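Have a look at the structure below, then the notes.
Where a number appears in this text, it was derived from the coordinates with a stated rule and is not lab data. Since this is a predicted model, take the numbers as computed values, not measurements. Virtual Cβ from ideal backbone geometry, glycine too; neighbours counted across all protein chains shown.
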Amino acid sequence: MKKKNDRHKDLAQGIFEALRDDEAPWTGRLARLSVDALLERRVGELVDAETIVAALDAALQPEPVKQAVERVAVPAWSRERRRAKLSGEAPRVFLTPAAAHDLAAALAEPVHVSGTIVREIVSAPAVRALLGALIQETLVDFVSRAPIPGLSKAMNLMSRVGRKMESQTERHIRDFLDKSMARITARAAELVSTDANRAQLGQLRAAMVAQALGRPLSAYYERMSPPLRAIWEHLPDLIAHNLARPEVKRAIDEEVRLLFVREGGRTAADLLDQLGTRERVRDIAVKNAQKAIEQ
C-alpha cells in the first residue's frame with residue numbers, strides 16, 4: 001500500500017512540475033498529462049476482471065441481444081445479398097495473392113485417405129445397395145444388348161418364357177454381386193490408397209476449390225437461401241437461447257479472466273501501441289478530458 005501511495009505522489013508531483021514548466025493553456029496541459037499518466041498505468045490497475053465480466057453479462061442478456069440481431073444482423077444480411085448481386089464479386093476477392101497461392105499449394109497436396117475409412121464407406125448398406133444396383137443394371141442391359149452368337153435365341157426364349165425367367169436371371173446377377181462386394185470394397189480401398197490416385201485426388205480438390213472461389217458470391221447466397229430462410233427466422237431466438245445457457249456464460253467468464261491474467265500486467269499504452277491506435281485514442285481522450293476540466 002505504501003509503495004502504491006508513493007507512486008501516486010510521484011505521479012502528482014510530476015504533473016504539477018510539468019504544468020509549471022509548460023507555457024500552453026493549463027487546461028490542455030493538465031488534460032495531456034493526465035491522459036499520458038493513465039496510459040502508463042497497467043490495465044489491471046485501470047479496470048478489473050469483475051467489472052468487465054459484469055458489463056459483458058449486462059450487455060449480453062438474451063432479450064437485448066435478440067433485439068439487436070433483429071435490428072442489425074437481419075437487415076445487414078439482406079443488404080449484403082443485394083451488394084453481392086450488383087458487384088458480381090467472387091470469394092477469391094477476400095484472399096491476397098500470397099494467401100491464394102499457399103491455399104492452392106496446400107489443396108494440391110496428395111490426399112491421404114485411410115483404407116479403413118474407404119472400406120467403411122463402401123461397405124455401408126446404402127452404398128453397397130447403390131453400387132449393386134448400378135452394376136446389376138449395367139449387366140442386365142449388357143446381356144440384353146450384347147451381339148453374342150446364340151444369345152439372341154436365348155433372349156427370344158427368355159421373352160417367351162416371360163418375366164419369371166427374366167427375374168431369375170436378375171436374381172442370379174444379384175447373388176453374384178452380393179458375393180463380389182467384399183472384393184469390390186477391398187479393391188476400392190486399394191485403388192484410393194495408391195500414390196498416383198492420392199495425387200490425382202489432391203489435384204481434383206485444388207481444381208474444385210479454385211472453381212468454387214471463382215463463382216460469384218451471389219450464386220452461393222442464392223443456393224444458401226432455402227436452408228437459410230428456414231433457420232434465419234429463428235436466428236435471434238437461437239442466439240438468445242445460447243447466451244442464456246449456463247455453460248456459455250461460464251465460458252465467457254473464464255475467457256475474460258484468462259485475458260486479464262495474460263494482459264493485465266501490460267500498460268494501456270503498450271496494448272494501444274500493439275493495436276496501432278495509441279495516438280488516436282490519446283487525442284480523443286485529451287480533447288474530452290480538457291472539455292471536462294473547463295466545465
Taking r as the C-beta separation of His101 and Leu228 and R0 as 35 Å, the FRET efficiency to the nearest 0.05 is 0.65
By Cβ neighbour count within 10 Å, fewest first, Val113, Val53, Val72 rank Val72, Val113, Val53
Surrounding charge for Val74, neighbours by C-beta under 13 angstrom, Lys/Arg +1, Asp/Glu -1, total +1
Summed over the other residues with a beta carbon less than 12 angstrom from that of Gly214, with K and R at +1 and D and E at -1, the charge totals +1
Counting only residues 5 or more apart in sequence or on a different chain, those whose built amide H sits under 5 Å from that of Arg266 are Val43, Gly44
Which residues qualify? For Ala90, with a placed amide H closer than 5 Å and at least 5 residues away or on another chain, they are Leu217
Unit-weight point scatterers at every alpha-carbon of region 50-119, Debye formula, q = 0.12, 0.14, 0.24 1/Å: log10 I(q)/I(0) is -0.77, -0.83, -1.05
